[in-house]
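What follows is a single structure, written as structure tokens, with notes after it.
The values are calculated or read from the model by the stated rules, or taken from the named source; none is laboratory data. This structure is a prediction, so every number in the text was calculated from the model and none was measured. Using ideal geometry, Cβ is built from the backbone for each residue, glycine included, and neighbour counts are taken over all protein chains shown. Calculation scope for accessible area: heavy atoms of the full protein, side chains included, ligands and nucleic acids excluded. Shrake-Rupley method; radii C 1.70, N 1.55, O 1.52, S 1.80 Å.
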Amino acid sequence: MSYDRRPTLTTTAGAPAPTNDTARTAGPRGPVLLEDYQLLEKLAHQNRERIPERTVHAKGWGLQGTFTVTHDITRYTRAGLFSRVGNSCDVLSRWSTVAGELGAADAERDVRGFSLKFYTEEGNWDMVGNNTPIFFVRDPYKFPDFIHTQKRHPKTNMRSPEAMFDFWAGQPESVHQVTILMSDRGIPKNPAHMHGYGSHTFSMWNAQGERHWVKFHFRSQQPIENYTNEEAKKLIGETRESFQEDLWNMIQDGKHPKWTMYIQVMKEGEEHRYPFNPFDLTKVWSHKDYPLIEVGELEMHTVPENYFQMVENAAFSPSNVVPGIGYSPDKMLQARVFSYADAHRYRLGTHYEALPANAPKSGVQHYHKDGQMRFFRNDSGNPNAYYEPNQYEDAPVADPSVNEPPLRIDADAYRHKQEITEDDFVQPRALYKEVLNDEERERLHQNMAGAMDPCSDAVKERWYAVLERVHPDYAAGVRRACESAPALPVTPDTPTKVAQ
Ligand code: NDP
Ligand code: HEM
């Protein structure tokens, strides 16, 4: 290539740069002159290249795509996105592992994050879910402690199975999620071959102001495919980036992964008659009670041009809902409504929502002012209208018609503890006994035994007692597998008998 056709390198202030490889020195052997500002600028920028990794879900893979409405659900929601069949919007996805750090291997056994940002005509709607329909805990107080058990031990600086199973044994409501984690679906082949779930109960309200409670499901149109421990172990030895490679190759080959969106719907009021708390994140709504209702199709077709800009800078938050979609009383969801935007302000800065990955395509008008990195105007579009109320006809005003209908709450404010009851074992039992077949159950025993092999006998016994409440065969199967010296799992940083 001829050099005169290439653009001129500049300083960050835009001046043509004379060099990008030779320091300005006093004499050919140095020392370097302080006035070589370009060099200082280059070193200073390098020192600021890293931003904090996400406190959880640090390792991730993203694509861009399109969501298209295929079925009418206007009887449930007034959201513009769902206002007519055929309507569509751009979507950014990010899938992730929960526990591993930014450099973790992709094929580790873990729950996978399943985040979607729908750039709708009424602002961004984020679905920040997982590839499992439930979660480990149901009170937000427990989330930071749970995550501590997934991260590194303060002394050994390794992952600690002792901590994980100690915590789970003390929180028997975890057994449903731990069963899924230790089943075949704990190591998906890649994001294309797994389902996504909003997991929490959310709500929708329609043009008449009627509210329904809703669960979101994104069912993969690709077959569900998973790796066994042995397959994953071998794969990680060959590549730590198997998900990124698979997604890249898929898109290069013109294969666009697709999911069908469904909802389960419960009429407001029915929650009082349902046999258990339908806002409990450790439980699903059975498909038999609440059948899946088809809504639309998600097709992911593009690798973002710039990973850092679109995936690392992406800020997904359950607080991002649009008129017609709302939260529910689920305690975990309520905490998440606070936690994510707080994390984004720390990780990305005050104006993270103006970054390309997060900027709504429908436009933004508000009266928030100034702040670090306010690189866009600090008024509402009219330089006089930087406060409200004001006299200006072109200044933004709120639209009361998008007010969520009132939700009746008549209850005692108190620290209501949800005690463990027999209800907590019904669904893991159904999964264990009715959904899994004999081979899947045996692999579950083996996977769990491998994961808990480094644990002390005391922790193992407490965990068997939890499994016993699910089903005696479950406890016996895992005990048998433990006693026959199981293979250690694939997570490369899982220690042997340490970190107790
Ligand atoms: P169904 O038989 O209608 O549904 C069973 C569900 O389990 C299917 O979605 C199936 O996915 C999924 N599944 C199969 N193997 C696994 C696994 N190893 N890990 C996680 N999910 C798996 O029954 P119900 O709706 O009455 O639910 C029965 C049990 O199934 C529940 O107690 C729960 O443990 C589990 N489940 C229920 C879901 C729900 O939303 N109702 C969602 C996922 C799991 P697929 O169709 O791809 O095979
Ligand atoms: C990421 C907090 C429960 C799914 C995060 C982040 C925080 C967080 C702080 C990092 C956000 C960022 O830096 O961008 C919490 C708290 C929870 C909770 C406080 C409970 C009280 C859950 C649950 C799910 C979930 C129940 C799934 C159903 C995710 C996903 C990400 C994430 C998918 C990654 C988002 C992305 O791709 O950028 N969580 N979380 N979390 N969380 Fe949670």
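Can you find, within the stretch 261-277, the residue that is surrounded by the most Cβ atoms within 10 Å (Cβ to Cβ) among those that are within 12 Å of ligand 1 (Cβ to nearest atom) and not aliphatic (A, V, I, L, M)? Give the derivation first.
To start, the set of residues in the stretch 261-277 that are within 12 Å of ligand 1 (Cβ to nearest atom) comprises 262-264, 276.
Subset that is not aliphatic (A, V, I, L, M): 262, 264, 276.
Working: Y262: 19, Q264: 22, F276: 14.
Taking the candidates together, the pick is Q264.
From (1) away from ligand 2 (no atom under 13 Å from the Cβ); (2) in contact with a Gly (Cβ under 8 Å, 6 or more places away or on another chain), pick out the condition that doesn't hold for N320.
It is condition (1) that N320 fails.
Condition first: free of Cβ contacts under 8 Å to residues at least 24 places away in the same chain and either part of a helix (DSSP H, G or I) or not charged (D, E, K, R) (or both). Now tell me which residues in the stretch 303-318 satisfy that.
At the first step, the residues of the stretch 303-318 found to be free of Cβ contacts under 8 Å to residues at least 24 places away in the same chain are 305-306, 308.
The answer is N306, F308.
If the requirement is being assigned to a strand (DSSP E or B) and touching a Phe, Trp or Tyr at 6+ places or on another chain (Cβ under 9 Å), which of these qualifies: R78, R94? Break it down stepwise before answering.
Numbers: R78 fails: assigned to a strand (DSSP E or B).
After ruling out the rest, the residue left standing is R94.
Pick from G363, G371, G296: which is away from ligand 2 (no atom under 12 Å from the Cβ) and open to solvent by less than 20 Å² (accessible area, probe 1.4 Å)? Even if it seems obvious, please write down each step before you answer.
Details: G363 fails: open to solvent by less than 20 Å² (accessible area, probe 1.4 Å); G371 fails: open to solvent by less than 20 Å² (accessible area, probe 1.4 Å).
Unique residue meeting the criteria: G296.
Would you mind telling me which numbered condition in (1) open to solvent by 20 Å² or more (accessible area, probe 1.4 Å); (2) within 16 Å of ligand 1 (Cβ to nearest atom) N130 fails?
Result: N130 fails condition (1) only.
Looking at the stretch 134-217, what helices (runs of 4 or more DSSP H) fall wholly within it and have at least 1 residues that are under 30 Å from K258 (Cβ atoms) and open to solvent by less than 20 Å² (accessible area, probe 1.4 Å)? I'd like the intermediate steps shown before the answer.
Working: elements: 143-150, 161-170, 175-182.
Per the criteria, 175-182.
Could you tell me which numbered condition P31 fails, if it satisfies all but one of (1) assigned by TED's automatic domain parsing to the domain that holds M204; (2) loosely packed, with under 12 Cβ neighbours inside 10 Å?
For P31, the exception is condition (1).
Scan the stretch 51-75 residue by residue and report those that are away from ligand 2 (no atom under 14 Å from the Cβ) and in a loop (DSSP other than H, G, I, E, B).
Across the stretch 51-75, the qualifying residues are T70, H71, D72, I73, T74, R75.
Looking for whichever is open to solvent by less than 10 Å² (accessible area, probe 1.4 Å) and among the polar types (S, T, N, Q) here; the options are T70, T97. Which one fits? Spell out how you get there, then give the answer.
Working: T70 fails: open to solvent by less than 10 Å² (accessible area, probe 1.4 Å).
None of the others qualify; the one that does is T97.
Might you let me know whether the stretch 241-260 holds any residue that is in the same structural domain as D72 (by TED's automatic domain parsing), away from ligand 1 (no atom under 16 Å from the Cβ), open to solvent by 10 Å² or more (accessible area, probe 1.4 Å) and within 30 Å of L407 (Cα to Cα)?
Let us first name the residues in the stretch 241-260 that are in the same structural domain as D72 (by TED's automatic domain parsing), namely 241-260.
Narrowing further to those that are away from ligand 1 (no atom under 16 Å from the Cβ): 241-256.
Add one more test, that the residue is open to solvent by 10 Å² or more (accessible area, probe 1.4 Å), and what stays is 241, 244-246, 248-256.
From what is left, the residues that are within 30 Å of L407 (Cα to Cα) are none.
No, every residue in the stretch 241-260 fails to be in the same structural domain as D72 (by TED's automatic domain parsing), away from ligand 1 (no atom under 16 Å from the Cβ), open to solvent by 10 Å² or more (accessible area, probe 1.4 Å) and within 30 Å of L407 (Cα to Cα).
Among the residues of the stretch 7-28, is any within 22 Å of the chain's Cα centre (by Cα), modelled with pLDDT of 95 or more, surrounded by 13 or more Cβ atoms within 10 Å (Cβ to Cβ) and of a type in the set (D, E, K, R)? Spell out how you get there, then give the answer.
First, the residues of the stretch 7-28 that are within 22 Å of the chain's Cα centre (by Cα): none.
For the stretch 7-28, residues within 22 Å of the chain's Cα centre (by Cα), modelled with pLDDT of 95 or more, surrounded by 13 or more Cβ atoms within 10 Å (Cβ to Cβ) and of a type in the set (D, E, K, R): absent.
All but one of (1) among the charged types (D, E, K, R); (2) within 16 Å of ligand 1 (Cβ to nearest atom); (3) open to solvent by 60 Å² or more (accessible area, probe 1.4 Å) hold for R345, so report the exception by its number.
Exception for R345: condition (2).
For (1) in a loop (DSSP other than H, G, I, E, B); (2) hydrophobic (A, V, I, L, M, F, W, C); (3) closer than 27 Å to P52 by Cα, each residue gets a yes or a no:
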site	(1), (2), (3)
R347	no, no, yes
K369	yes, no, yes
S380	yes, no, no
N384	yes, no, no
E388	yes, no, no
D394	yes, no, no
S401	no, no, no
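Which pairs do you get when a residue that is away from ligand 2 (no atom under 16 Å from the Cβ) and open to solvent by less than 100 Å² (accessible area, probe 1.4 Å), found in the stretch 403-429, comes within reach of a residue that is modelled with pLDDT of 95 or more and among the acidic types (D, E), reach meaning Cβ atoms under 7 angstrom, with the pair 6+ apart or on two chains?
I420/E173; D424/E173
Can K42 be described as among the charged types (D, E, K, R) and open to solvent by less than 20 Å² (accessible area, probe 1.4 Å)?
Values: among the charged types (D, E, K, R): yes; open to solvent by less than 20 Å² (accessible area, probe 1.4 Å): no.
So K42 does not fit the description; no.
Being away from ligand 1 (no atom under 13 Å from the Cβ) and either in contact (Cβ under 8 Å) with a residue 60 or more places away in the chain or in contact with a Lys or Arg (Cβ under 7 Å, 6 or more places away or on another chain) (or both) is the requirement here; does L281 meet it?
For L281, the condition - away from ligand 1 (no atom under 13 Å from the Cβ) and either in contact (Cβ under 8 Å) with a residue 60 or more places away in the chain or in contact with a Lys or Arg (Cβ under 7 Å, 6 or more places away or on another chain) (or both) - is not met.
Does H71 satisfy the condition of being outside the structural domain of G254 (by TED's automatic domain parsing) and modelled with pLDDT of 95 or more? So that I can check it myself, show each step before the final result.
Details: outside the structural domain of G254 (by TED's automatic domain parsing): no; modelled with pLDDT of 95 or more: yes.
When the stated conditions are applied, H71 does not pass them.
Restricting the stretch 102-127 to residues that are assigned to a loop (DSSP other than H, G, I, E, B) and of a type in the set (A, V, I, L, M), which is surrounded by the most Cβ atoms within 10 Å (Cβ to Cβ)?
Residues of the stretch 102-127 assigned to a loop (DSSP other than H, G, I, E, B): 102-111, 122.
Next, from what is left, pick out any that are of a type in the set (A, V, I, L, M): 102, 104-105, 107, 111.
Working: L102: 11, A104: 20, A105: 21, A107: 27, V111: 22.
Here the residue is A107.
Step by step: first the residues of the stretch 312-340, then only those that are open to solvent by less than 30 Å² (accessible area, probe 1.4 Å) and over 23 Å from L81 (Cα atoms), then the one that is farthest from ligand 1 (Cβ to nearest atom). Which residue is that?
Result: N313.
Identify the single condition in (1) open to solvent by less than 60 Å² (accessible area, probe 1.4 Å); (2) more than 27 Å from E108 (Cα to Cα); (3) out of contact with any Phe, Trp or Tyr (no Cβ under 8 Å at 6 or more places or on another chain) that E440 does not satisfy, given that it satisfies every other one.
The failed condition is (2).
Looking at the stretch 287-302, is at least one residue within 12 Å of ligand 1 (Cβ to nearest atom), in the same structural domain as R75 (by TED's automatic domain parsing) and out of contact with any strand residue (DSSP E or B) (no Cβ under 9 Å at 6 or more places or on another chain)? Reasoning before the result, please.
Quick first cut of the stretch 287-302, residues within 12 Å of ligand 1 (Cβ to nearest atom) only: 287-292.
Filter once more, keeping what is in the same structural domain as R75 (by TED's automatic domain parsing): 287-292.
Still in the list and also out of contact with any strand residue (DSSP E or B) (no Cβ under 9 Å at 6 or more places or on another chain): 288.
Yes, there is a match, as at least one residue in the stretch 287-302 is within 12 Å of ligand 1 (Cβ to nearest atom), in the same structural domain as R75 (by TED's automatic domain parsing) and out of contact with any strand residue (DSSP E or B) (no Cβ under 9 Å at 6 or more places or on another chain).
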